[in-house]
Amino acid sequence: MIRIFRAVALFEGITALALFLIAMPVKYWLGNPTLVPPVGMTHGVAFLIYIAVMAAALRGSEAGLVGWLRTTFAAFIPFGTFLNDGYLKGLQANETG
């Protein structure tokens, strides 16, 4: 399950970067807001999926309170999901034995 969560986290991180580094600069620097609604909606859905899959994946893992907090906060920090991937990779290795 951690493997699936890592893929979801990667997608959530990519959508956040697309929103912050592409859609919003185009809106504010070029005055063209057309990218913000679809990219923002995609990121919003990806975030909700991230939280749901995180709850399912970490429930049966060795992640303690610190792991849960770390993984939750990673979704709120730019590049956080990418920085947290090493931790998730370790949990995945422990899960598969």
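The values are calculated or read from the model by the stated rules, or taken from the named source; none is laboratory data. Being a predicted model, the structure only gives us computed values, none of them experimental. Cβ atoms come from the backbone with ideal geometry, glycine included; neighbour counts cover every protein chain shown.
Structure data summary
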item: Hits in the stretch 31-60 (condition: farther than 17 Å from residue 72 by Cα and either at pLDDT below 95 or not in a helix (DSSP H, G or I) (or both)); result: 31, 32
item: Residue within the stretch 15-33 that is of a type in the set (D, E, K, R) and farther than 18 Å from residue 83 by Cβ present; result: yes
item: Enumeration of residues in the stretch 61-97 that are more than 15 Å from the chain's Cα centre (by Cα) and either in a helix (DSSP H, G or I) or of a type in the set (A, V, I, L, M) (or both); result: 63, 65, 66, 90, 91, 92, 93, 94, 95, 96
item: Selection status of residue 23, farther than 20 Å from residue 92 by Cβ and out of contact with any strand residue (DSSP E or B) (no Cβ under 7 Å at 6 or more places or on another chain); result: yes
